[in-house]
2 protein chains.
Amino acid sequence: METTVAVEGFSAMGSESRLAVLQTLVKAGPKGLPVGEIQKRTNIPASTLAHHLKFLAAAHLVEQDKQGRSIINRADFTHLEALAEFILRECCADQDTSSQSNAPSEKELVHD
Amino acid sequence: METTVAVEGFSAMGSESRLAVLQTLVKAGPKGLPVGEIQKRTNIPASTLAHHLKFLAAAHLVEQDKQGRSIINRADFTHLEALAEFILRECCADQDTSSQSNAPSEKELVHD
DNA sequence: TCCATATTTCTAGTTATATCGAAATATTGA
DNA sequence: TCAATATTTCGATATAACTAGAAATATGGA
(Lines give C-alpha, C1' and ligand atoms only; values in the text may rest on other atoms or scores of the structure.)
Protein backbone atom coordinates (compact mmCIF):
# COMPACT_ATOMS: atom_id res chain seq x y z
CA MET A 1 0.00 0.00 0.00
CA GLU A 2 1.23 3.44 -0.89
CA THR A 3 1.81 5.91 1.89
CA THR A 4 -0.54 8.43 0.31
CA VAL A 5 -3.37 5.91 0.34
CA ALA A 6 -2.68 5.08 3.98
CA VAL A 7 -2.68 8.77 4.92
CA GLU A 8 -6.05 9.26 3.25
CA GLY A 9 -7.41 6.23 5.05
CA PHE A 10 -6.23 7.27 8.49
CA SER A 11 -7.27 10.83 7.87
CA ALA A 12 -10.75 9.60 7.03
CA MET A 13 -10.86 7.67 10.29
CA GLY A 14 -9.50 10.62 12.26
CA SER A 15 -12.81 12.37 12.82
CA GLU A 16 -15.29 11.56 15.54
CA SER A 17 -18.25 11.69 13.16
CA ARG A 18 -16.59 9.72 10.41
CA LEU A 19 -15.27 7.02 12.69
CA ALA A 20 -18.78 6.65 14.09
CA VAL A 21 -20.14 6.22 10.57
CA LEU A 22 -17.44 3.75 9.68
CA GLN A 23 -17.96 1.74 12.86
CA THR A 24 -21.67 1.64 12.15
CA LEU A 25 -20.92 0.13 8.76
CA VAL A 26 -18.29 -2.26 10.10
CA LYS A 27 -20.80 -3.50 12.65
CA ALA A 28 -23.47 -3.81 9.99
CA GLY A 29 -21.31 -6.23 8.06
CA PRO A 30 -21.00 -6.87 4.32
CA LYS A 31 -24.64 -6.21 3.52
CA GLY A 32 -24.15 -2.56 4.30
CA LEU A 33 -26.71 0.10 5.09
CA PRO A 34 -28.59 2.81 3.18
CA VAL A 35 -27.75 6.42 4.02
CA GLY A 36 -31.01 7.00 5.81
CA GLU A 37 -30.39 4.12 8.17
CA ILE A 38 -26.89 5.39 8.98
CA GLN A 39 -28.46 8.75 9.67
CA LYS A 40 -30.89 7.22 12.13
CA ARG A 41 -28.15 5.33 13.92
CA THR A 42 -25.68 8.20 14.14
CA ASN A 43 -27.93 11.26 14.33
CA ILE A 44 -25.80 13.14 11.86
CA PRO A 45 -27.70 15.64 9.67
CA ALA A 46 -28.20 14.49 6.09
CA SER A 47 -25.94 16.97 4.36
CA THR A 48 -23.13 16.46 6.85
CA LEU A 49 -23.49 12.72 6.51
CA ALA A 50 -23.38 12.86 2.72
CA HIS A 51 -20.17 14.86 3.00
CA HIS A 52 -18.56 12.33 5.33
CA LEU A 53 -19.66 9.34 3.27
CA LYS A 54 -18.09 10.92 0.22
CA PHE A 55 -14.90 11.41 2.19
CA LEU A 56 -14.93 7.79 3.36
CA ALA A 57 -15.62 6.55 -0.16
CA ALA A 58 -12.81 8.68 -1.60
CA ALA A 59 -10.48 7.07 0.93
CA HIS A 60 -11.66 3.60 -0.18
CA LEU A 61 -12.98 2.82 3.27
CA VAL A 62 -16.57 2.62 2.08
CA GLU A 63 -18.17 1.51 -1.16
CA GLN A 64 -21.42 2.99 -2.30
CA ASP A 65 -23.82 1.80 -4.90
CA LYS A 66 -27.22 2.85 -5.91
CA GLN A 67 -30.03 0.44 -5.34
CA GLY A 68 -33.36 1.82 -6.35
CA ARG A 69 -33.63 5.24 -4.78
CA SER A 70 -31.39 4.30 -1.90
CA ILE A 71 -27.65 4.22 -1.78
CA ILE A 72 -26.17 1.24 -0.02
CA ASN A 73 -22.94 1.84 1.84
CA ARG A 74 -20.58 -0.98 2.76
CA ALA A 75 -17.34 -0.95 4.68
CA ASP A 76 -14.48 -2.05 2.44
CA PHE A 77 -13.18 -4.80 4.71
CA THR A 78 -10.27 -5.68 2.47
CA HIS A 79 -8.96 -2.16 2.48
CA LEU A 80 -9.53 -1.81 6.21
CA GLU A 81 -7.51 -4.95 6.84
CA ALA A 82 -4.71 -3.61 4.68
CA LEU A 83 -4.69 -0.37 6.68
CA ALA A 84 -4.62 -2.24 9.97
CA GLU A 85 -1.69 -4.21 8.72
CA PHE A 86 0.11 -1.15 7.38
CA ILE A 87 0.61 0.38 10.80
CA LEU A 88 3.22 -2.08 12.00
CA ARG A 89 4.25 -3.58 8.70
CA GLU A 90 7.80 -2.30 8.60
CA CYS A 91 8.43 -2.67 12.28
CA CYS A 92 12.09 -2.62 13.20
CA ALA A 93 13.35 -2.85 9.61
CA ASP A 94 15.95 -0.20 10.39
CA GLN A 95 16.73 -1.44 13.85
CA ASP A 96 20.45 -1.57 13.18
CA THR A 97 20.76 1.29 10.76
CA SER A 98 23.39 3.24 12.62
CA SER A 99 23.40 6.37 10.53
CA GLN A 100 22.47 8.02 13.77
CA SER A 101 24.64 11.08 14.09
CA ASN A 102 25.50 10.14 17.63
CA ALA A 103 25.62 6.42 17.04
CA PRO A 104 27.92 4.70 19.43
CA SER A 105 30.83 2.90 17.82
CA GLU A 106 30.44 -0.84 17.59
CA LYS A 107 32.55 -1.67 20.60
CA GLU A 108 30.29 0.48 22.72
CA LEU A 109 27.16 -1.33 21.64
CA VAL A 110 27.74 -4.06 24.18
CA HIS A 111 25.43 -2.66 26.78
CA ASP A 112 22.20 -2.60 24.76
CA MET B 1 -10.13 1.34 23.61
CA GLU B 2 -12.33 4.39 23.76
CA THR B 3 -13.50 5.87 20.50
CA THR B 4 -12.04 9.26 21.37
CA VAL B 5 -8.61 7.73 21.83
CA ALA B 6 -8.91 5.92 18.51
CA VAL B 7 -9.94 9.13 16.74
CA GLU B 8 -6.90 10.93 18.13
CA GLY B 9 -4.67 8.09 17.03
CA PHE B 10 -5.98 7.91 13.48
CA SER B 11 -6.02 11.66 13.22
CA ALA B 12 -2.37 11.70 14.21
CA MET B 13 -1.60 9.18 11.47
CA GLY B 14 -3.67 11.08 8.94
CA SER B 15 -1.00 13.51 7.87
CA GLU B 16 1.70 12.83 5.32
CA SER B 17 4.42 14.34 7.50
CA ARG B 18 3.31 12.68 10.70
CA LEU B 19 2.89 9.27 9.14
CA ALA B 20 6.40 9.60 7.73
CA VAL B 21 7.72 10.40 11.19
CA LEU B 22 5.80 7.54 12.75
CA GLN B 23 6.98 5.08 10.11
CA THR B 24 10.53 6.21 10.67
CA LEU B 25 10.14 5.40 14.35
CA VAL B 26 8.35 2.11 13.70
CA LYS B 27 11.19 1.08 11.42
CA ALA B 28 13.75 2.17 13.98
CA GLY B 29 12.31 -0.23 16.50
CA PRO B 30 12.08 -0.04 20.29
CA LYS B 31 15.36 1.81 20.78
CA GLY B 32 13.87 4.87 19.17
CA LEU B 33 15.59 7.89 17.70
CA PRO B 34 16.56 11.40 18.83
CA VAL B 35 14.73 14.31 17.21
CA GLY B 36 17.76 15.35 15.20
CA GLU B 37 18.06 11.94 13.59
CA ILE B 38 14.37 11.94 12.66
CA GLN B 39 14.91 15.34 11.13
CA LYS B 40 17.76 14.03 9.00
CA ARG B 41 15.75 11.06 7.82
CA THR B 42 12.57 12.96 7.02
CA ASN B 43 13.85 16.40 6.01
CA ILE B 44 11.20 18.12 8.07
CA PRO B 45 12.23 21.51 9.54
CA ALA B 46 12.94 21.41 13.27
CA SER B 47 10.00 23.49 14.45
CA THR B 48 7.54 21.61 12.28
CA LEU B 49 8.95 18.32 13.48
CA ALA B 50 8.68 19.33 17.13
CA HIS B 51 5.05 20.20 16.53
CA HIS B 52 4.30 16.85 14.94
CA LEU B 53 6.15 14.87 17.59
CA LYS B 54 4.11 16.63 20.23
CA PHE B 55 0.96 15.70 18.35
CA LEU B 56 2.06 12.06 18.05
CA ALA B 57 2.96 11.94 21.73
CA ALA B 58 -0.39 13.46 22.73
CA ALA B 59 -2.08 10.70 20.74
CA HIS B 60 0.02 8.09 22.59
CA LEU B 61 1.60 6.92 19.36
CA VAL B 62 5.06 8.04 20.42
CA GLU B 63 6.80 8.23 23.77
CA GLN B 64 9.47 10.81 24.40
CA ASP B 65 12.05 11.01 27.10
CA LYS B 66 14.97 13.21 27.70
CA GLN B 67 18.39 11.65 27.60
CA GLY B 68 21.15 14.13 28.10
CA ARG B 69 20.48 16.99 25.75
CA SER B 70 18.68 14.77 23.27
CA ILE B 71 15.11 13.61 23.35
CA ILE B 72 14.59 10.01 22.39
CA ASN B 73 11.38 9.18 20.60
CA ARG B 74 9.95 5.68 20.45
CA ALA B 75 6.90 4.33 18.71
CA ASP B 76 4.39 3.02 21.24
CA PHE B 77 4.01 -0.43 19.73
CA THR B 78 1.40 -1.56 22.21
CA HIS B 79 -0.87 1.34 21.42
CA LEU B 80 -0.30 0.95 17.69
CA GLU B 81 -1.32 -2.69 17.90
CA ALA B 82 -4.45 -1.74 19.78
CA LEU B 83 -5.33 0.80 17.08
CA ALA B 84 -4.75 -1.73 14.32
CA GLU B 85 -7.05 -4.11 16.11
CA PHE B 86 -9.70 -1.46 16.75
CA ILE B 87 -10.47 -0.98 13.07
CA LEU B 88 -12.25 -4.28 12.57
CA ARG B 89 -12.93 -5.20 16.16
CA GLU B 90 -16.70 -5.00 16.07
CA CYS B 91 -17.05 -6.38 12.61
CA CYS B 92 -20.53 -7.59 11.83
CA ALA B 93 -21.81 -7.32 15.41
CA ASP B 94 -25.04 -5.80 14.11
CA GLN B 95 -25.31 -8.01 11.08
CA ASP B 96 -28.83 -9.06 11.97
CA THR B 97 -30.02 -5.92 13.63
CA SER B 98 -33.07 -5.36 11.53
CA SER B 99 -34.03 -1.94 12.77
CA GLN B 100 -33.47 -1.00 9.18
CA SER B 101 -36.41 1.10 8.12
CA ASN B 102 -36.84 -1.07 5.07
CA ALA B 103 -35.91 -4.34 6.74
CA PRO B 104 -37.58 -7.32 5.12
CA SER B 105 -39.88 -9.30 7.37
CA GLU B 106 -38.45 -12.52 8.74
CA LYS B 107 -40.15 -14.85 6.31
CA GLU B 108 -38.53 -12.96 3.46
CA LEU B 109 -35.05 -13.38 4.89
CA VAL B 110 -34.77 -16.88 3.44
CA HIS B 111 -32.76 -15.80 0.45
CA ASP B 112 -29.57 -14.49 2.08
C1' DT C 1 31.44 30.63 33.06
C1' DC C 2 30.80 30.49 28.17
C1' DC C 3 29.88 28.38 23.91
C1' DA C 4 27.96 24.79 20.95
C1' DT C 5 24.32 21.60 20.46
C1' DA C 6 19.46 19.90 20.77
C1' DT C 7 14.97 20.92 20.92
C1' DT C 8 10.96 23.77 21.84
C1' DT C 9 7.95 27.84 21.93
C1' DC C 10 6.33 31.90 19.72
C1' DT C 11 4.10 33.97 15.98
C1' DA C 12 1.85 34.39 11.81
C1' DG C 13 0.21 33.30 7.26
C1' DT C 14 -2.07 30.10 4.47
C1' DT C 15 -4.94 26.38 3.62
C1' DA C 16 -8.15 22.75 4.90
C1' DT C 17 -12.00 20.87 7.51
C1' DA C 18 -16.49 20.50 9.91
C1' DT C 19 -20.96 21.86 10.03
C1' DC C 20 -25.66 22.22 8.30
C1' DG C 21 -29.87 24.67 6.20
C1' DA C 22 -31.89 25.24 1.87
C1' DA C 23 -32.36 24.11 -2.74
C1' DA C 24 -31.54 20.71 -6.33
C1' DT C 25 -31.56 16.02 -8.31
C1' DA C 26 -33.12 11.38 -9.00
C1' DT C 27 -36.18 7.52 -8.50
C1' DT C 28 -40.38 5.04 -7.62
C1' DG C 29 -45.23 4.31 -7.13
C1' DA C 30 -49.93 6.02 -7.61
C1' DT D 1 -47.50 13.10 -14.74
C1' DC D 2 -47.38 14.20 -9.88
C1' DA D 3 -46.11 13.67 -5.29
C1' DA D 4 -43.28 11.37 -1.94
C1' DT D 5 -38.88 9.62 -0.71
C1' DA D 6 -33.74 9.38 -0.67
C1' DT D 7 -29.73 11.59 -1.21
C1' DT D 8 -26.60 15.17 -2.88
C1' DT D 9 -24.93 19.75 -4.06
C1' DC D 10 -24.55 24.56 -2.96
C1' DG D 11 -23.13 28.16 -0.13
C1' DA D 12 -21.62 30.19 3.85
C1' DT D 13 -19.39 30.36 8.35
C1' DA D 14 -16.56 28.96 12.00
C1' DT D 15 -12.84 26.46 13.55
C1' DA D 16 -8.72 23.98 13.30
C1' DA D 17 -4.38 22.37 11.10
C1' DC D 18 0.10 22.71 8.56
C1' DT D 19 4.03 25.11 7.90
C1' DA D 20 8.29 27.25 9.15
C1' DG D 21 11.46 31.26 10.54
C1' DA D 22 13.14 33.44 14.52
C1' DA D 23 13.80 33.66 19.27
C1' DA D 24 13.98 31.17 23.60
C1' DT D 25 15.32 27.33 26.67
C1' DA D 26 18.11 23.61 28.39
C1' DT D 27 22.09 20.71 28.64
C1' DG D 28 26.89 19.28 28.51
C1' DG D 29 31.65 20.12 27.78
C1' DA D 30 35.89 23.16 27.52
If you check every pair at least six apart or on different chains, which have Cβ atoms under 9 Å apart with a residue in region A:1-22 that is under 16 Å from residue B:23 (Cα atoms) first and a residue that is among the β-branched types (Val, Ile, Thr) and at pLDDT 95 or above second?
A:6/A:87; A:10/A:87
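Matching residues to (1) at negative phi; (2) crowded, with 20+ Cβ neighbours inside 10 Å; (3) within 10 Å of DNA strand D (Cβ to nearest atom):
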residue: A:4; (1), (2), (3): yes, no, no
residue: A:10; (1), (2), (3): yes, yes, no
residue: A:15; (1), (2), (3): yes, no, yes
residue: A:27; (1), (2), (3): yes, no, no
residue: A:31; (1), (2), (3): yes, no, no
residue: A:35; (1), (2), (3): yes, no, yes
residue: A:47; (1), (2), (3): yes, no, yes
residue: A:50; (1), (2), (3): yes, no, yes
Looking at region B:52-84, which of its residues are closer than 21 Å to residue B:7 by Cα, within 12 Å of DNA strand D (Cβ to nearest atom) and small (Gly, Ala, Ser)?
B:58, B:59
Give region B:9-19 a look and list any residue that's part of a helix (DSSP H, G or I), facing another protein chain (nearest Cβ under 8 Å) and among the hydroxyl-bearing types (Ser, Thr, Tyr), or say none.
B:11
Taking the stated definitions as given, is residue A:38 within 16 Å of DNA strand C (Cβ to nearest atom) and not in a helix (DSSP H, G or I)?
no
Being at the interface with another protein chain (Cβ under 9 Å from one of its Cβ atoms) and away from DNA strand D (no atom under 16 Å from the Cβ) is true for just one of A:88, A:22. Which residue is that?
A:88
Just to verify a result, which residue in region A:53-89, among those that are within 13 Å of DNA strand C (Cβ to nearest atom) and charged (D, E, K, R), is farthest from the chain's Cα centre (by Cα)?
A:69
Being surrounded by 12 or more Cβ atoms within 10 Å (Cβ to Cβ) and more than 8 Å from chain A (Cβ to nearest Cβ) is the filter here; which residues of region B:76-85 pass it?
B:76, B:79, B:82
Looking only at region B:25-53, count every residue that is more than 8 Å from every other protein chain (Cβ to nearest Cβ), within 30 Å of residue A:20 (Cβ to Cβ) and in contact (Cβ under 8 Å) with a residue 40 or more places away in the chain and tell me the total.
1
Would you confirm whether any residue within region B:4-15 is farther than 20 Å from residue A:86 by Cα, within 16 Å of DNA strand C (Cβ to nearest atom) and within 14 Å of the chain's Cα centre (by Cα)?
yes
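So that you can scan it fast, the table gives a plain yes or no per residue for (1) in a helix (DSSP H, G or I); (2) at pLDDT 95 or above:
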residue	(1), (2)
A:49	yes, yes
A:54	yes, yes
A:73	no, yes
A:82	yes, yes
A:86	yes, yes
A:91	no, yes
A:95	no, no
A:104	no, no
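The values are calculated or read from the model by the stated rules, or taken from the named source; none is laboratory data. No experiment lies behind these values; they were computed from the predicted model shown. Ideal geometry is used to build each Cβ from the backbone, glycine not excepted, and the neighbour counts take in all protein chains shown.
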